[in-house]
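The structure under discussion appears below in the form of structure tokens.
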Ligand code: FES
């Protein structure tokens, strides 16, 4: 099947998709997360896009979400419209999920302007005379605020600064503390950087704190990767080799500095105008960045060095920004549930949910939070590596050459990222293939790939792909001649076992949390999927393999990189920072390794659900 190029404006990002792919999914593939409060039911109208070139189907009908004029002007609902041809699609800013930080929502649901903790305040003082011999400090505080704390380093600076600058200048303030004095008026920008500090990838966002707008976004691989590709191997490295903690700390800080370089170049800004940074990372990443030994996290009872939020001079972390800038490190919940989860909970507004909500963030680890009646149960599972292509025999990250979508319709139809020859399969293709094999009866609930002679009901084109060597059967997705490396690309029995482990861990973790809270899948008002990977999962396929609970599909919503969004929110608003602290305080860590039911649940969750389980059938639940 010929793939279609979909180009999104104004970013210019383009993806290749199969005909019939919803524009919402294509946007997700391009890394663009649209706002979808109705869960893609076509009722809220928030996912509006404008098709500038090309055609989509089905033809929309005028209604509350789109007027006849909108339709005539090319507007479509991304959740309802599928590409019929190559398209150029404009994404209005207000349709972006991340548009929301510019109009922040308070607890009461009211919008508010950005209210950052940092500020630049211009002052002009009267010089002292015989009638007014107030101290230099009192004179300054009279202009910038009486409650401002002044560190001794700046106290020493004030007399010289005032006299050298004709008693005027600009005070740089950070949450009621003077952090700098600058000559002249406050003509410079007020910037901050939000970091999502992942085990594998670090994402930085440069924010204009006055407007709330993003000035630049950059990402890179975490330079800690050569020390081990998961948190446990990095903890082991720190335990076993003296000096490793500092090496890993510097590696992370170095990556963050490089991202800052890239972003200020893009935005044409100055490092010295970055007055604050925020960091949302998992427990291990946050501790290493703060220079705290994470070794106790590597053994029972998995103790964190801190759970409270930390505010540390950025210079002490080796991050090169304004010399007075501070780093806000997110509060943590417990064990491996760290600041990125709290940031994600904030972005998802879990504290505003009226109904129970399940939040799942799939990264290198999988974190699960159940929000119920203002309380939050949080657990971490080792779910990620399979979905990132690791431990899958021909797995790869979701990059050019990765098969990312698979359908079986008479034969195998697949989509490859970048429209190049396939080189392997990424996590979504793994889920798709397993779900499709289950659907057509080529995979049994125990996870065994059936032999060709056991599947006479299959079309020949599909049955031929079941190749048995000895005891093991594999499913050939791409024959050797059509692959990039000249080797057939297959789904192996071993891959299915890895998938069962990963999806079973999420399923069992979610079930334990729901049991503890006395909640069934039918009670869930929403299942929120965070993390880049979550964006690309086909919801029905994830449900078919049992990874997601059997709620109606529209209740499953993608919320993009929630940790990044949470990290931005705390920079833009004091109120959001208070909410982040409240979320962490109201959360309880559930250590699945100590839960007596976990092993039983996990063993059960390793089996794929029987077909046809009705949504919210409590017998088949979770
Ligand atoms: S109309 Fe609500 S997400 Fe598309």
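The values are calculated or read from the model by the stated rules, or taken from the named source; none is laboratory data. These figures come from a predicted structure and were not determined experimentally. Glycine gets a Cβ as well: all are built from the backbone with ideal geometry, and neighbour counts include every protein chain shown.
Points worth noting:
- Residues of segment 559-614 satisfying the condition of being out of contact with any helix residue (DSSP H, G or I) (no Cβ under 8 Å at 6 or more places or on another chain) and on the phi > 0 side of the Ramachandran plot: 612
- Considering segment 392-504, the qualifying strands (runs of 3 or more DSSP E), each wholly inside and each with 1 or more residues that are farther than 28 Å from residue 14 by Cβ, run over 466-469, 472-478, 489-491.
- Restricting attention to segment 23-35 and to residues that are assigned to a loop (DSSP other than H, G, I, E, B) and within 14 Å of residue 92 (Cα to Cα), the residue that is nearest to the ligand (Cβ to nearest atom) turns out to be 35.
- Condition check for residue 539 on (1) within 28 Å of residue 374 (Cβ to Cβ); (2) over 21 Å from the mean Cα position of the chain (by Cα): one failure, at (2).
- Of the residues making up segment 36-55, those that are under 16 Å from residue 92 (Cβ atoms) and either in contact with a helix residue (DSSP H, G or I) (Cβ under 7 Å, 6 or more places away or on another chain) or within 10 Å of the ligand (Cβ to nearest atom) (or both) are 36, 37, 44, 45, 46, 47, 48, 49.
- The set of residues in segment 497-519 being out of contact with any helix residue (DSSP H, G or I) (no Cβ under 9 Å at 6 or more places or on another chain) and within 24 Å of residue 433 (Cβ to Cβ) consists of 497 alone.
- Output for segment 72-81, where each listed residue is farther than 21 Å from residue 404 by Cβ and either within 14 Å of the ligand (Cβ to nearest atom) or touching a helix residue (DSSP H, G or I) at 6+ places or on another chain (Cβ under 6 Å) (or both): 75, 76, 77, 80
- Among (1) at pLDDT 85 or above; (2) away from the ligand (no atom under 16 Å from the Cβ); (3) part of a loop (DSSP other than H, G, I, E, B), the one test that residue 69 misses: (3)
- Here the condition is being assigned to a loop (DSSP other than H, G, I, E, B), under 22 Å from residue 289 (Cβ atoms) and free of Cβ contacts under 8 Å to residues at least 24 places away in the same chain; of 242, 187, it holds for 242 alone.
- Boolean, residue 86 is under 31 Å from the mean Cα position of the chain (by Cα), more than 26 Å from residue 559 (Cα to Cα), in contact (Cβ under 8 Å) with a residue 24 or more places away in the chain and more than 10 Å from the ligand (Cβ to nearest atom): yes
- Boolean, residue 561 is closer than 30 Å to residue 420 by Cβ and more than 19 Å from the chain's Cα centre (by Cα): no
- Against the conditions (1) in a strand (DSSP E or B); (2) more than 20 Å from residue 119 (Cβ to Cβ); (3) out of contact with any helix residue (DSSP H, G or I) (no Cβ under 8 Å at 6 or more places or on another chain), residue 229 satisfies every one except (1).
- Failed criterion for residue 487 (all others in (1) at pLDDT below 95; (2) within 21 Å of residue 533 (Cβ to Cβ); (3) in contact with a helix residue (DSSP H, G or I) (Cβ under 6 Å, 6 or more places away or on another chain) hold): (2)
- Residue check, residue 136 touching a helix residue (DSSP H, G or I) at 6+ places or on another chain (Cβ under 9 Å), surrounded by fewer than 18 Cβ atoms within 10 Å (Cβ to Cβ), at pLDDT 95 or above and over 30 Å from residue 583 (Cα atoms): yes
- Residue count for segment 1-22 satisfying the condition of being within 16 Å of the ligand (Cβ to nearest atom) and on the phi > 0 side of the Ramachandran plot: 0.
- Considering 519, 467, the condition of being buried (at least 17 other Cβ atoms within 10 Å of the Cβ) and either within 21 Å of the chain's Cα centre (by Cα) or touching a residue at least 12 places away in the same chain (Cβ under 8 Å) (or both) is satisfied by 519 alone.
- Residue in segment 99-110 that is assigned to a helix (DSSP H, G or I), at pLDDT below 90 and within 16 Å of the ligand (Cβ to nearest atom) present: yes
- Test: residue in segment 295-311 that is within 30 Å of residue 183 (Cα to Cα) and surrounded by fewer than 17 Cβ atoms within 10 Å (Cβ to Cβ): yes
- Meets criteria (under 30 Å from residue 379 (Cα atoms), modelled with pLDDT of 95 or more and within 33 Å of the chain's Cα centre (by Cα)) for residue 435: yes
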